[in-house]
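Q: Shown below is the structure under consideration.
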Amino acid sequence: NAGVTQTPKFRVLKTGQSMTLLCAQDMNHEYMYWYRQDPGMGLRLIHYSVGEGTTAKGEVPDGYNVSRLKKQNFLLGLESAAPSQTSVYFCASTAFQNTGELFFGEGSRLTVL
Amino acid sequence: LAKTTQPISMDSYEGQEVNITCSHNNIATNDYITWYQQFPSQGPRFIIQGYKTKVTNEVASLFIPADRKSSTLSLPRVSLSDTAVYYCLVGSLAGGNEKLTFGTGTRLTIIP
């Protein structure tokens, strides 16, 4: 029972470098979400997807891109990392008929120097 | 999209009952209210969910008044392991509210 798996769990980047975070879920969920959480702060929605091939912007989408080529995977990309993107990133998923119960991954800690 | 407001922090002693209130004045008819618990360095995890009146499970109770503009998470007889951040989330995919956004959360500290 893997649930929601995020890779990598830790990463250090230099300003201007690019990288991709992978979120994989094995629950056949239609909806997937990417959140960021800065130290001592709440969760802010970056992008989300309501199904394979679809994505939408959340509260703080600038500087990020996403793709949902397969139903089980949701990728979050940083094309040119900035120190302001230092954060912990959480992926979550849920089924389309759900009333708001999200299943979260363990998080990916990203540091941009 | 209903915006939520919670107290930033709360302290309580072990063994006491703790009530955390969330305000959501603009809640929509199809929205549900869901509470999450988050420990440091972990993702949030589901605690309880409700639509109206009272819901109880093995870890908490959720009280929702008739107007549904607020909700109260009740944790009975808290212990040190209940120290965490608690978030209320208002939304419903069934109601077309796909953009599930969280408030700032309440940092609960349990004192021995």
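Computed from the coordinates by the stated procedures, all read-outs in this text should not be read as laboratory data. The structure presented is a predicted model; accordingly, all values stated were derived computationally and were not measured. For neighbour counting, all protein chains shown are included, and Cβ atoms are generated from backbone atoms with ideal geometry for every residue, glycine included.
Q: Can you give the mean number of other chain Cβ atoms that lie within 10 Å of the Cβ atoms in peptide A:43-50?
A: That works out to 3 on average.
Q: Setting aside same-chain residues fewer than 8 positions from B:K99, which lysines have a Cα under 23 Å from its Cα?
A: Counting by Cα, and skipping residues close in sequence, B:K99 has these lysines nearby: A:K57, A:K70, A:K71, B:K3, B:K52, B:K69.
Q: Starting with the highest mean, order A:31-40, B:70-79 by the number of other Cβ atoms within 10 Å, averaged over the residues of each peptide.
A: Peptide ranking by packing, descending: A:31-40, B:70-79.
Q: Something else: Compute the length gained on full extension between A:F10 and A:A95: take 0.36 nm times their separation in residues and subtract their Cα-Cα distance, giving the result in nm to one decimal.
A: Roughly 27.8 nm would be gained on extension.
Q: Taking a ≥ b ≥ c as the square roots of the eigenvalues of the Cα gyration tensor of segment B:33-95, is the shape rounded (a/c under 1.5), prolate (a/b larger than b/c) or oblate?
A: oblate
Q: What is the gain in length, in nm to one decimal, between B:F39 and B:Y51 on full extension, counting 0.36 nm per residue of separation less the C-alpha to C-alpha distance?
A: 1.8 nm
Q: Turning to a different aspect of this structure: Evaluate peptide A:32-38: per residue, the Cβ atoms of other protein chains within 10 Å of its Cβ; return the mean as an integer.
A: 2
Q: Let me ask you something else. Roughly how many debye, to the nearest 20, is the charge dipole of the protein assembly as shown about its Cα centre, given +1 on each Lys and Arg Cβ, -1 on each Asp and Glu Cβ, and no other charges?
A: 320 debye
Q: Assign unit charges at the C-beta atoms only (+1 for Lys and Arg, -1 for Asp and Glu), then state the dipole size of chain B relative to its Cα centre in Debye, rounded to the nearest 20.
A: Rounded to the nearest 20 debye, it is 280 debye.
Q: Mind checking the mean number of beta-carbon atoms from other chains within 10 Å of the Cβ atoms in B:99-106?
A: That works out to 6 on average.
Q: Computed FRET efficiency, Cβ-Cβ of A:K57 and B:T104, R0 25 Å: what is it to the nearest 0.05?
A: That gives a FRET efficiency of 0.75.
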